[in-house]
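These notes concern the structure reproduced below.
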Amino acid sequence: MKNLIDLKGKVTLITGASRGIGKATALLFARAGSDLVINYFRNRKEAEKVASIAKTRDVQVEIYKADVSSKSQCEKMVDFTFKKFGKIDILVNNTGIWKYAPIDKMTVSQLKETLSLNLESIFYLTAKVVPLMKKQGGGNIINISSTAGQRGEAYHSHYAATKGAIISLTKSLSTELASYNIRVNCVAPGWVDTDMSHSSLIGKDRKWILDQIPLKRAAEPEEIAGAILFLASDLATFITGEIINVNGGAVLCG
Ligand code: NAP
């Protein structure tokens, strides 16, 4: 009998999948049967570990080093995926950086780094996969935003601006691509316990952070991966242009 969520025969490219939410997503997608391309940039060893766990699920897995802030590296990664598997069913635009930068101290290079890694990368990858998805009769794109994109975030205005833009990008592309059977959705996590946020979650701001979360804890990466998997699955075939909040109720308090 077919499982309720079954990605057998699907090919998924996940950016930033050596750690954190991307890693949890790769492992969950492997459990659901999807073949995978796991993108990493600096941590090859971690990416190899993710790949070797994923392979125990009897799926094909490749790891691929690419700096997603580079258009040419994004394009080469999509070409690699297509050459290897002959199609790309699902693109998860997950990579992101979150750096402290008060507006009056923010350098141009800090600003550009965040804009290009968090936002331009999604344009590069999406522009490259869309023609392939159109040709193959459909596809599924899932972008990772943040509560910061919904209510803003002090001292991280560049980050929040990219995450807000990801929401409007998702909505724009969902209508632009719907007639090609390409769904475009977004997951907006609140605090998640990963390398990105761990020091804040155990630091002096811990109480302040948890006070704003009705469920009174940060998420585990697997709890974000679940929403991503749902959107990629056949349970969500009529959902496009949607932003799924996975934040313990936090935005309601913001
Ligand atoms: P993380 O633990 O810091 O992991 C970041 C991932 O991105 C790593 O796999 C890293 O790969 C990769 N990466 C970094 N620079 C890259 C580059 N130039 N090219 C390609 N990959 C690169 O982050 P996370 O917490 O899982 O965050 C994942 C997404 O969720 C991000 O978009 C983030 O904004 C969003 N989010 C996170 C939180 C949170 O509280 N953690 C909350 C809301 C939204 P290497 O290590 O191999 O370089």
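Nothing in this text is a laboratory measurement; each read-out follows from the coordinates by a stated rule. Remember, predicted model here, so these are calculated numbers, not experimental data. Here the Cβ positions follow ideal geometry from the backbone for every residue, glycine too, while neighbour counts run over all protein chains shown.
Structure summary
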read-out: Descending semi-axes in Å of the chain, equivalent ellipsoid built from Cα gyration tensor; value: 28, 20, 19
read-out: Gained length - Arg206 relative to Ser179, 0.36 nm times residue gap less alpha-carbon distance; value: 5.2 nm
read-out: Extended-chain gain in nm, criterion 0.36 nm per residue less alpha-carbon gap, Asp234 and Lys45; value: 64.7 nm
read-out: Gain on full stretching of the segment that runs from Gln136 to His198 - 0.36 nm per residue minus C-alpha separation; value: 18.3 nm
read-out: Label-to-label distance, nm, for residues given as Tyr155 and Ser168 (7 Å Cα→Cβ offset); value: 2.7 nm
